[in-house]
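*Asks:* For reference, the structure I am asking about is given below.
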Amino acid sequence: MINELLASTPDRGTLHISRLAGTREVPLAEVWRLSGLVAAGLRARGLGAGDRIGILGANSLEWVVLDLAALRSKVETAGLEPGKFMPTRELMRRYGLSLLFTDRPCDEPGVEQLGTLLDDLTDLTGAAQPAPATYAPDEVTTIKFTSGSTGTPKGLGATIGSVDSSLNAVQDMFGHGPGDNLLVFLPLSLLQQRYWVYSALRYGHDVTVCTYEAAFAALTQVRPTVVMGVPGFFEGARSQIERRARRTGLDLAEVARDLFGDRIRYLWTGSAPADPATLAFFNRLGLPIYEGYGLNETCIVAKNHPAAHREGSVGRVLPGKQVIVDDDGVIHVRAEHPVNRRYAYCEPGDSERVFGPDGTVRTGDLGYLDPDGFLFILGRADDTIVLDNGKKVIVRQIEEHLKASPAIAECVLYCPAQTELVAVVSPASAPADTAAISAQLTATNRALSGDQYIHRVVVADEPFSIDNGLLTSQYKPRRKQIRARYLREIGDPRKGIHAA
Amino acid sequence: MAKPCAAGGVPADIEAAARENLAAVLTFDVAPADLASDVDLTGTYGLTSLNKVLFLTSLCRDTGVDIARLTEDDLAGMHTLRDCVDILSPHLPAGT
């Protein structure tokens, strides 16, 4: 699919770039032309196959063009999420970047401003468009990053074969084509968000790329037919629709149409478990929503779609993928075209924990296949919390850091809402030394990174014990029982000690 | 006739609309009147970035503010309910 995309010039379809200030429309043919000029610029600077550039910025036209230019030049990209990474020489060194393009203020050598990418193309207008690049299935086109056990993102090279097989399967399921407009507001640093640009170029539909700030405004401006979102997005939208309908007395479907526009064909969700009630809500309103399943390491594994949809499942397994459930109920994924067989950047042992010798991925998720081949996910086999934004947080490291305080005997971490982490702490003294616990919360938040941020600590009103049922006989915290006991405090953002 | 103003010269309607729309996106039940004006929306109320966008989009709509007059930086600068009201107020349609 990618080779076919690279072999032809798009003759239809439009890229809509939405920011709060409004939407700009750029024909895909023009996007293609610009990417050819930028590719010529990369080539003039000696970049080609085997080189790698970083892109660290909010969604923009320049992001799209530079990514395509790199793809056409066989220059690898590293999609770096703003907030998670800072544009520094150290970042360039760590990931072997020849150049780093960013929209953040930075004057370090080798770091270029993404915003001016298209300003200086005049000298290149006579440059030849690059000859169509061709890729072998096992060639890597981009590095994608995934949360690591230490909080340092792991880097994983994504092969063209894995991109092709996912996009072909998606096209078979959803038949995107002229008339469609796919809305993308999640960061383009996530490879799957760039899929929809590639799909537009290949299949001649429109695609809207917007900043996340403009996501809801863009819905009414561009009237997309498909919205790509994480469960948290759709849960927020549902809550908004319900409340607005209550307030105005309007029909739910009417309010939903008002929010999403009047052309929705379907809604796409994945990356984290979706609330079944939210899925049912949109389906009832005539906005079909299809949940799927996949990891960075596997790409899309299963997906519900119009021709094969089963409530509660994440759909049937895609062609070219095989799901194996082991004796412990853990899902393993084997692929005809694996994303890769190991991480390119990780801590020692990380690759071996996830990838089998033949590239089979141990997902760490529990699940089963029903007799008709629909995959059901039951939860995590290890101690990982998947936030609503799809990012994973390993709780053990955070809990251990908190427990470094002598004022804290035990603690367990929960995620009651979207991306909010809340710890329930068993105090080491009675009464609890709340000042020391608060100081430890501050210290832990300083020591750990972004998604590991603990918003609040709920101090248990009595220490966890075997007698009160909150510790096992091996003195381990009983997570379910602790959650049940402190459910109200965990769920109420006003309760507990707040992070400074 | 001019609409009644809350403290600080902010039209009462936008203050009320802001409270109502904020309460609508929070993940717990709270009466709009009970929301504090000067607390951090993320730290205290657990407002996620996407729900903040949803809140502001619907607030603009309810108050007639053209969201295109705001920038991504304006949104980043809205940490409290008061910030939101103060940043939106100059953009209220004439006669509001």
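The values are calculated or read from the model by the stated rules, or taken from the named source; none is laboratory data. What you see is a predicted model; the values in this text were computed from it and never measured. In this analysis, Cβ positions are derived from the backbone assuming ideal geometry, glycine residues included, and neighbour counts consider all displayed protein chains.
*Asks:* Tell me the residue from A:231, A:224 that is in contact with a strand residue (DSSP E or B) (Cβ under 7 Å, 6 or more places away or on another chain), at pLDDT below 90 and surrounded by 22 or more Cβ atoms within 10 Å (Cβ to Cβ), please. Step through it out loud before you land on a result.
*Replies:* Numbers: A:224 fails: at pLDDT below 90.
Unique residue meeting the criteria: A:231.
For every residue, the table says whether it meets (1) facing chain A (nearest Cβ under 9 Å); (2) of a type outside the set (Ser, Thr, Tyr); (3) closer than 14 Å to residue A:214 by Cβ.
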residue: B:25; (1), (2), (3): yes, yes, no
residue: B:38; (1), (2), (3): no, yes, no
residue: B:44; (1), (2), (3): yes, no, no
residue: B:48; (1), (2), (3): yes, no, no
residue: B:53; (1), (2), (3): yes, yes, yes
residue: B:66; (1), (2), (3): no, yes, yes
residue: B:73; (1), (2), (3): no, yes, yes
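*Asks:* In segment A:41-55, what residues are in contact with a Gly (Cβ under 9 Å, 6 or more places away or on another chain) and within 13 Å of residue A:117 (Cβ to Cβ)?
*Replies:* Result: A:42, A:55.
So that you can scan it fast, the table gives a plain yes or no per residue for (1) over 30 Å from residue A:311 (Cβ atoms); (2) touching a Leu at 6+ places or on another chain (Cβ under 8 Å); (3) buried (at least 16 other Cβ atoms within 10 Å of the Cβ); (4) assigned by TED's automatic domain parsing to the domain that holds residue A:325:
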| site | (1), (2), (3), (4) |
| --- | --- |
| A:378 | no, yes, no, no |
| A:385 | no, yes, yes, no |
| A:394 | yes, no, yes, no |
| A:398 | yes, yes, yes, no |
| A:402 | yes, yes, yes, no |
| A:406 | yes, no, no, no |
| A:409 | yes, no, yes, no |
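*Asks:* Got a sec? Which of A:434, A:442 is surrounded by fewer than 17 Cβ atoms within 10 Å (Cβ to Cβ) and more than 26 Å from residue B:49 (Cα to Cα)?
*Replies:* Values: A:442 fails: more than 26 Å from residue B:49 (Cα to Cα).
So the residue among A:434, A:442 that is surrounded by fewer than 17 Cβ atoms within 10 Å (Cβ to Cβ) and more than 26 Å from residue B:49 (Cα to Cα) is A:434.
*Asks:* Output the residues belonging to segment B:46-78 that are in a helix (DSSP H, G or I) and of a type in the set (Gly, Ala, Ser).
*Replies:* B:49, B:58, B:68, B:76
*Asks:* Moving on. Just for strands (runs of 3 or more DSSP E) wholly inside segment A:1-65: which have at least 3 residues that are closer than 18 Å to residue A:192 by Cα, within 14 Å of chain B (Cβ to nearest Cβ) and among the hydroxyl-bearing types (Ser, Thr, Tyr)?
*Replies:* Values: elements: A:14-19, A:22-27, A:52-56.
By residue number, no strands (runs of 3 or more DSSP E) qualify.
*Asks:* So, in segment A:454-494, exactly how many residues are within 14 Å of another protein chain (Cβ to nearest Cβ) and either buried (at least 17 other Cβ atoms within 10 Å of the Cβ) or not in a loop (DSSP other than H, G, I, E, B) (or both)?
*Replies:* In the first step, residues of segment A:454-494 are kept if they are within 14 Å of another protein chain (Cβ to nearest Cβ); the result is A:454-458, A:487-494.
Going one step further and asking which of them are either buried (at least 17 other Cβ atoms within 10 Å of the Cβ) or not in a loop (DSSP other than H, G, I, E, B) (or both), we end up with A:454-458, A:487-493.
Result for segment A:454-494: 12.
*Asks:* Quick one: in segment A:246-257, which of the residues that are modelled with pLDDT of 90 or more and within 14 Å of chain B (Cβ to nearest Cβ) is nearest to residue A:225 (Cα to Cα)? Lay out the reasoning, then the answer.
*Replies:* Of all residues in segment A:246-257, those modelled with pLDDT of 90 or more come to A:249-257.
Cutting the leftovers down to within 14 Å of chain B (Cβ to nearest Cβ) gives us A:250, A:255-256.
Working: A:250: 23, A:255: 17, A:256: 14 Å.
Selected residue: A:256.
*Asks:* Another question about this same structure. Given the residues B:31, B:24, which is the only one that is at pLDDT below 90 and surrounded by fewer than 17 Cβ atoms within 10 Å (Cβ to Cβ)?
*Replies:* Values: B:24 fails: surrounded by fewer than 17 Cβ atoms within 10 Å (Cβ to Cβ).
Criteria check complete, one pass: B:31.
*Asks:* Residue A:437: free of Cβ contacts under 8 Å to residues at least 60 places away in the same chain and away from chain B (no Cβ under 14 Å), yes or no? Spell out how you get there, then give the answer.
*Replies:* Values: free of Cβ contacts under 8 Å to residues at least 60 places away in the same chain: no; away from chain B (no Cβ under 14 Å): yes.
No: the conditions fail for residue A:437.
*Asks:* Filter segment A:201-214 down to the residues that are buried (at least 24 other Cβ atoms within 10 Å of the Cβ) and within 9 Å of another protein chain (Cβ to nearest Cβ) and list them by number.
*Replies:* Passing the criteria: A:213, A:214.
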